[in-house]
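The values are calculated or read from the model by the stated rules, or taken from the named source; none is laboratory data. Remember, predicted model here, so these are calculated numbers, not experimental data. Reconstructed Cβ throughout: ideal geometry from the backbone, glycine too, with neighbour counts over all protein chains shown.
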Amino acid sequence: MKNIFLFFLFSIILSGWTVTTYAQSEDDLIEICGMIAQDATFLKDFTIRLDAGDPPPIQRFSVILKKGIKYRFSVCNSNDYEGRVILQLFDNNRLLATTYVVASGKDYPSIDYDCSKTGAYHLFFNFKEGKPGLAVGLLSLVETM
Amino acid sequence: MYRNVILLIATVLLATSCRFFDSNRNLSKEDFDIPEGLLDEKPLEVASEVIDDMIQNVSSPVEMAAIIKGLKIPFNRDYIANTKDMNNLNTSFQKAVGLGIYGADLGYINMYERTSLVINHITTIKSLADGIQVGQFFDFNSLSRIATNRENIDSLLLISQQSFNRIDSYLRETNRAHLSVVIIAGVWIEGLYIASRVAEDAKHPRIDETIGEQKVIMSSLMLLLNNYKGDPNVAKLISDFEEIQALYKDVRITYEYGEPIPVEKDGVLTFKQNDTQTIIMSDETLNNIIKKVQSVRNKLLIG
């Protein structure tokens, strides 16, 4: 009987506390991302949640960027998943900016973009090596040029 | 004995599985792969994911204000809507338009750190938001506290922007995306209205260009609005906006494309876009657009 009680207690601890103590919510990620973006003015957040896949699945968003503005794109990964997010900025079919530079193998938690043309742009998010992941992307305004 | 143990294990497993799905985040229909056809009645001309995609940042109240401030053009109280005009806005449609207009003004006020004007505007916005049952997403208390105590202005911008983003998301989740699009239209026309007033007073070529380049943004906005043209109020708004769009036909925009240049300085990677846009627009066309924008915006505030 004592064993059953212990088993029951252990199961409750395992089922309840582990989930609530360590899970990072999207709001937590937005807050962390805001710190990464530093003093830039918040404009928009994007939540990226993707399963594992080969080729890596992509989540896409469109934004309108305006000429004469320096934008900042910041990304923040959830520690609850393996995936490390990569952001790529496209204009139709041209890659204009990315948080992961293949040549140097360097990852940047935030990048700035000096916009010289008002129009629609596309944000592509995927997780490195197609691992599952949860991340938040933040678009903010740094300054006008 | 074994039966009891098995029963207990089964109960615990059931409880843990339910607990897993009942974690901190709220599940919504986006978490499941539900075919669009199975969802409630919605306009079907453009799929909701496409709308969702298009709606992102079509018009931000902050960017236009940032451009104007960046040109060292002083704040002018006459450019923003009088909060007394809120009394003219009675229907959900009118309140949504008003929410957009006063929201854009709030962006302009915040950008210039005119905290003394904030309280009046956020009171108006809260009232309009309550009128379309989204007041709970407008963080009136925090905004009021920050404005009253003249606390961190960045927080004022952040909370205002987040409040509007949450209102937008909630309206789309509750199948009232038409109101979300109407708010966006309100933000857009007010931003353009302020630019038009600045253009008259400051005569700055960058402001003229900003007005001209709205042709690009207007195309996306009209696509969004046309998805809800079945609503008579939206149809009327489209008809008013079409008058502006007709004037934009005389605006020509050309582009020259160049490769973006990445520059890393102090650990910050900046991509410098090398495209060039040229706006070709006569003074007459600019003046016609300015007059029409001001007339449409003023009409919207009459209700």
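Hey, does the range A:14-26 have a residue that's surrounded by fewer than 21 Cβ atoms within 10 Å (Cβ to Cβ), of a type in the set (Asp, Glu) and modelled with pLDDT of 90 or more?
No, because not a single residue in the range A:14-26 is surrounded by fewer than 21 Cβ atoms within 10 Å (Cβ to Cβ), of a type in the set (Asp, Glu) and modelled with pLDDT of 90 or more.
Those residues that are crowded, with 16+ Cβ neighbours inside 10 Å and not β-branched (Val, Ile, Thr), I need them from the range B:289-303; list them, please.
Going through the range B:289-303, the residues crowded, with 16+ Cβ neighbours inside 10 Å turn out to be B:289-290, B:292-294, B:296-297, B:300-301, B:303.
Hits for the range B:289-303 are B:Lys292, B:Gln294, B:Arg297, B:Leu300, B:Leu301, B:Gly303.
Each row is one residue, and each column tells you yes or no for (1) modelled with pLDDT of 90 or more; (2) under 15 Å from the mean Cα position of the chain (by Cα).
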residue	(1), (2)
A:Cys33	no, yes
A:Ala37	no, yes
A:Thr47	yes, yes
A:Asp51	yes, yes
A:Asp54	yes, no
A:Leu65	yes, no
A:Tyr71	yes, no
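For the range B:61-81, which residues satisfy the criterion of being in contact (Cβ under 8 Å) with a residue 40 or more places away in the chain and either more than 14 Å from chain A (Cβ to nearest Cβ) or of a type in the set (Gly, Ala, Ser) (or both)?
Passing the criteria: B:Ala65, B:Ala66, B:Asn76, B:Arg77, B:Asp78, B:Tyr79, B:Ile80, B:Ala81.
Considering every residue within the range B:180-190, establish whether at least one is crowded, with 18+ Cβ neighbours inside 10 Å, among the small types (Gly, Ala, Ser) and touching an Asp or Glu at 6+ places or on another chain (Cβ under 6 Å).
Among the residues of the range B:180-190, at least one is crowded, with 18+ Cβ neighbours inside 10 Å, among the small types (Gly, Ala, Ser) and touching an Asp or Glu at 6+ places or on another chain (Cβ under 6 Å), which makes the answer yes.
Condition check ((1) buried (at least 22 other Cβ atoms within 10 Å of the Cβ); (2) closer than 28 Å to B:Asp154 by Cβ) across all residues:
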{"site": "A:Asp91", "(1), (2)": "no, no"}
{"site": "A:Arg94", "(1), (2)": "no, no"}
{"site": "A:Thr98", "(1), (2)": "no, yes"}
{"site": "A:Gly105", "(1), (2)": "no, no"}
{"site": "A:Ile111", "(1), (2)": "yes, yes"}
{"site": "A:Thr118", "(1), (2)": "yes, yes"}
{"site": "A:Phe127", "(1), (2)": "yes, no"}
{"site": "A:Ser140", "(1), (2)": "yes, yes"}
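Could you check the range B:57-168 for helices (runs of 4 or more DSSP H) lying wholly inside it with 3 or more residues that are under 30 Å from A:Tyr121 (Cβ atoms) and modelled with pLDDT of 85 or more?
Working: elements: B:61-70, B:92-111, B:115-131, B:140-149.
Hits in the range B:57-168: B:61-70, B:92-111.
Restricting to the range B:225-246, what's the tally of residues that are without any contact (Cβ under 8 Å) to a residue 12 or more places away in the chain and of a type in the set (S, T, N, Q)?
Within the range B:225-246, residues that are without any contact (Cβ under 8 Å) to a residue 12 or more places away in the chain and of a type in the set (S, T, N, Q) number 1.
Within the bounds of the range B:142-159, is there any residue that is within 14 Å of chain A (Cβ to nearest Cβ), surrounded by 17 or more Cβ atoms within 10 Å (Cβ to Cβ), free of Cβ contacts under 8 Å to residues at least 40 places away in the same chain and under 16 Å from the mean Cα position of the chain (by Cα)?
So far as the range B:142-159 goes, yes, one or more of its residues are within 14 Å of chain A (Cβ to nearest Cβ), surrounded by 17 or more Cβ atoms within 10 Å (Cβ to Cβ), free of Cβ contacts under 8 Å to residues at least 40 places away in the same chain and under 16 Å from the mean Cα position of the chain (by Cα).
Out of A:Gly133, A:Gly68, I need the residue that is closer than 14 Å to B:Gln273 by Cα and surrounded by 18 or more Cβ atoms within 10 Å (Cβ to Cβ). Which one?
Values: A:Gly133 fails: closer than 14 Å to B:Gln273 by Cα.
Of the residues listed, the single one that is closer than 14 Å to B:Gln273 by Cα and surrounded by 18 or more Cβ atoms within 10 Å (Cβ to Cβ) is A:Gly68.
Contact list please: Cβ distance under 9 Å, first residue in the range B:248-262 and free of Cβ contacts under 8 Å to residues at least 12 places away in the same chain, second residue of a type in the set (D, E, K, R), pairs at least six apart or on different chains.
The qualifying pairs are B:Lys249/B:Lys215; B:Pro262/B:Lys272.
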